[in-house]
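Reviewing the structure listed below.
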Amino acid sequence: MQAVVFDMDGTLVDSVPMVARAYADTIRSLGGPPVSPDEVVAGWHVGHTELVLAHFLGRPCGGAEVERFHTHLDPALSGLRPFPGIADLLDALVAADVRLGVFTAATRRAATAMLAAAGLAARFDVVVAGDEVDRPKPAPDGLLLAARRLDVEVTATVYLGDAEVDLGCADAAGAVGVHAGWGARAGVRTGGHPVAGEPREVADWLARAAGSGV
């Protein structure tokens, strides 16, 4: 494998609870229905921030609504951390000459802020955000763009994510989807995809795959 592209929320960083709470608080403050963080997580596959807010508010959303979201999210970012073992996994991949990227449904603004807060901003060759592509996951657009920017074949790329839409995105792009099981998202149907229970297992799987010629 030439590259590993990571999902961000729930894969690189333990951010799902704080982001879901920020969405729920934003929706309520904008006059929308009361939604729980779990309901937000179930619905945020629709895309980046404007689309998620529009989905729950039932109307078009733009810059003003996004700003409201960031008033709830940004103060919480000081506590954001990578999942245990992520830094070691990134070090191991770099040592193996594997190129690193991120494709996230988050906007460029949110992705930049969150990766910086977690101390990961300098670790990736490429970051593709959800507002840079026309179709959200599981459409392959963002992953294909990440592979092009990394200058690697998408068929030689692993996409690592905690959600079914991540695995579907990998399949649609022709990449290898690996489930990040440490994110502990409930009810994910992984099908025949490899599952890594913790980050170090990704490096172990890649080593086995290389040995078998995958």
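Against the list (1) in contact with a helix residue (DSSP H, G or I) (Cβ under 6 Å, 6 or more places away or on another chain); (2) among the aliphatic types (A, V, I, L, M); (3) assigned by TED's automatic domain parsing to the domain that holds Val165, the condition Leu53 fails is (3).
Residue count for region 3-21, restricted to those that are touching a Pro at 6+ places or on another chain (Cβ under 8 Å), in a helix (DSSP H, G or I) and surrounded by 24 or more Cβ atoms within 10 Å (Cβ to Cβ): 0. Within region 152-163, can one find any residue that is part of a helix (DSSP H, G or I), without any contact (Cβ under 8 Å) to a residue 24 or more places away in the chain and over 15 Å from the mean Cα position of the chain (by Cα)? Checking region 152-163: at least one residue is part of a helix (DSSP H, G or I), without any contact (Cβ under 8 Å) to a residue 24 or more places away in the chain and over 15 Å from the mean Cα position of the chain (by Cα). Residue by residue through region 22-66, note down the ones that are within 21 Å of the chain's Cα centre (by Cα), without any contact (Cβ under 8 Å) to a residue 24 or more places away in the chain and part of a helix (DSSP H, G or I). Residues satisfying the conditions are Ala24, Pro37, Asp38, Glu39, Val40, Ala42, Gly43, Ala54, His55.
Is it true that Asp38 is of a type in the set (D, E, K, R) and buried (at least 17 other Cβ atoms within 10 Å of the Cβ)? It is false that Asp38 is of a type in the set (D, E, K, R) and buried (at least 17 other Cβ atoms within 10 Å of the Cβ).
What residue, of Arg123, Arg149, is surrounded by fewer than 19 Cβ atoms within 10 Å (Cβ to Cβ) and either within 22 Å of Ala22 (Cβ to Cβ) or of a type outside the set (Phe, Trp, Tyr) (or both)? Testing whether each residue is surrounded by fewer than 19 Cβ atoms within 10 Å (Cβ to Cβ) and either within 22 Å of Ala22 (Cβ to Cβ) or of a type outside the set (Phe, Trp, Tyr) (or both) leaves just Arg149. The condition of being in contact with a strand residue (DSSP E or B) (Cβ under 8 Å, 6 or more places away or on another chain) and either without any contact (Cβ under 8 Å) to a residue 24 or more places away in the chain or within 27 Å of Pro140 (Cα to Cα) (or both) does not hold for Pro75. Whenever a residue of region 113-137 is in a loop (DSSP other than H, G, I, E, B), its partners that are buried (at least 20 other Cβ atoms within 10 Å of the Cβ) and charged (D, E, K, R), lying with C-beta atoms within less than 7 angstrom and at least six residues away or across chains, give the pairs Asp125/Arg99; Lys137/Asp166.
Of these, Val152, Val158, which one is touching a strand residue (DSSP E or B) at 6+ places or on another chain (Cβ under 6 Å) and within 21 Å of Val13 (Cα to Cα)?
One residue alone meets the criteria, Val158.
Within 27 Å of Ala207 (Cα to Cα), outside the structural domain of Val40 (by TED's automatic domain parsing) and in contact with a strand residue (DSSP E or B) (Cβ under 8 Å, 6 or more places away or on another chain), is that true of Thr104? For Thr104, the condition - within 27 Å of Ala207 (Cα to Cα), outside the structural domain of Val40 (by TED's automatic domain parsing) and in contact with a strand residue (DSSP E or B) (Cβ under 8 Å, 6 or more places away or on another chain) - is met.
Applying the selection to region 90-112, what residues are outside any loop (DSSP other than H, G, I, E, B), buried (at least 17 other Cβ atoms within 10 Å of the Cβ) and more than 16 Å from the chain's Cα centre (by Cα)? Those that are outside any loop (DSSP other than H, G, I, E, B), buried (at least 17 other Cβ atoms within 10 Å of the Cβ) and more than 16 Å from the chain's Cα centre (by Cα): Ala92, Leu93, Arg99.
The values are calculated or read from the model by the stated rules, or taken from the named source; none is laboratory data. It should be emphasised that the depicted structure is a prediction, and the values quoted were computed from it without experimental measurement. Cβ coordinates were reconstructed from backbone atoms using ideal geometry, including for glycine residues, and neighbour counts include every protein chain displayed.
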